[in-house]
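Take a look at the structure set out below.
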Amino acid sequence: MSVDLFISCVSDEFGSYREELRHHLTRPGVGIKVQEDFIPWGAETLFKLDKYIRQCEAVIHLVGERTGNPVNDGIPERPQVDAILAHYADLPDRTGLTRDELFQLSYTQWEAWLAYYHRKRLLIAGPKSPVPGDKPLTDAAIAERQQRSQRKHLDSLQQRGRYVEPRFTDKIDLVIELLKVLGALLPAANPPVSPSLPRSLGRLFKGRTEWLAKIRR
């Protein structure tokens with residue numbers, strides 16, 4: 001059975017974190033998608049995101065202080081939101097968000113709310129303390145606007161019982177915390193060892209001294 005996951009984040013903020021996580025979660029039987037898998041941006045982008053999120057097992061929502069690119073804060077064009085709302089007439093009632101609030105969501109924020117709407121497992125992971133991100137914003141006004149939007153977004157999720165947890169300090173900590181939560185959902189990282197293999201490689205096992213020392217540490 002395949003397990004499909006979606007990793008949601010603002011690429012300029014946590015793109016490298018996402019790729020580290022994607023690397024460690026990737027294994028046979030696990031499908032992982034990110035927002036860039038659905039570009040170029042177009043009238044159907046939200047529907048493409050929705051289609052995958054609707055059938056996946058969990059959405060991992062990496063959150064910081066950014067909502068999207070600095071040009072338009074990552075907010076979809078109005079026709080895309082109009083189309084989604086026409087398709088899901090009960091979306092405002094199910095999410096508790098007004099139509100005006102839905103039109104102000106960025107793509108990344110939409111990914112969390114689509115998971116909420118479809119009753120998917122939503123894991124909201126955030127840093128224990130603010131981090132500059134991969135590409136920090138240099139415009140203070142844009143940074144402040146996105147921070148306000150993100151605080152409102154997280155407050156709305158919290159009011160519906162979706163909290164920022166787990167918290168992480170760096171990329172490896174993020175991987176460890178998510179593996180703790182997702183361990184039971186994921187298939188084994190390695191297939192069983194064939195019984196026909198020799199029990200010991202003897203003198204053929206060499207050149208791993210440094211790695212063995214790291215493992216012991």
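The values are calculated or read from the model by the stated rules, or taken from the named source; none is laboratory data. Keep in mind that what you see is a predicted model, and the values were worked out from it rather than measured. Note that each Cβ is placed from the backbone with ideal geometry, even for glycine, and that neighbours are counted across all protein chains shown. Heads up: the accessible areas ignore ligands, DNA and RNA and are worked out on the full protein's heavy atoms, side chains in. Shrake-Rupley method; radii C 1.70, N 1.55, O 1.52, S 1.80 Å.
Report the local net charge at residue 133: Lys and Arg +1, Asp and Glu -1, summed over other residues whose C-beta lies under 11 Å from its C-beta.
Its environment carries a net charge of -2.
With the other protein chains left in place, how much accessible area per residue, in square angstrom, belongs to segment 22-84 at a 1.4 angstrom probe?
Heavy-atom SASA per residue in segment 22-84 reads 47 Å².
Put +1 on the Cβ of every Lys and Arg and -1 on every Asp and Glu Cβ in the chain; which of 88, 35, 175 then has its Cα farthest towards the positive end of the dipole?
Working it through, the farthest residue towards the positive pole turns out to be 175.
What is the packing order of peptides 145-152, 180-187, 9-16, 90-97, taking the mean over residues of other C-beta atoms within 10 Å and listing the highest first?
9-16, 145-152, 90-97, 180-187
What list of whole percents do you get for P(r) of segment 98-148, with Cα-Cα distances grouped in 10 Å bins up to the one holding the largest distance?
Reading upward from the zero bin: 18, 41, 34, 7.
Based solely on its DSSP helices, what 222 nm [θ] is calculated for the chain when runs of n ≥ 4 H residues each add -39,500 (n - 2.57) and the sum is averaged over all residues, nearest 500 deg cm²/dmol?
-13500 deg cm²/dmol, from helical runs alone.
Among 109-121, 73-85, how do they line up by average Cβ neighbours within 10 Å per residue, starting with the highest?
Those peptides, ordered most packed to least, come out 109-121, 73-85.
Which three lengths, in whole Å and largest first, does segment 23-102 cover when its Cα atoms are put on their principal axes?
41, 30, 24
Determine the equivalent ellipsoid of the chain by diagonalising the alpha-carbon gyration tensor, then write out the semi-axes as square roots of 5 times the eigenvalues, largest first, rounded to whole Å.
One finds semi-axes of 37, 21, 15 Å for the chain.
With a 1.4 Å probe and all protein chains left in place, how much of the accessible area of segment 71-177 comes from carbon and sulfur atoms, in whole percent?
With neighbouring chains kept in place, the figure for segment 71-177 is 48 percent.
Please compute the per residue accessible area over segment 98-174 with all protein chains in place, 1.4 Å probe, rounded to a whole number of Å².
54 Å²
Toward the positive end of the charge dipole of the chain, about the Cα centre and with charges on Cβ (Lys, Arg +1; Asp, Glu -1), which of 159, 16, 211 goes farthest?
Going by the Cα projections, it comes out as 211.
Under 26 Å Cα to Cα from residue 180, which lysines show up? Leave out anything in the same chain fewer than 8 places away.
Cross-link targets: 33, 120, 128, 171, 214.
Treating only the Cβ of Lys, Arg, Asp and Glu as charged (+1, +1, -1, -1), what charge dipole size does the chain show about its Cα centre? Round to the nearest 20 debye.
In total the dipole reaches around 1300 debye.
Can you give me the pair-distance distribution of segment 1-60, C-alpha pairs, 10 Å bins, whole percents?
Final binned percentages: 22, 53, 25, 1.
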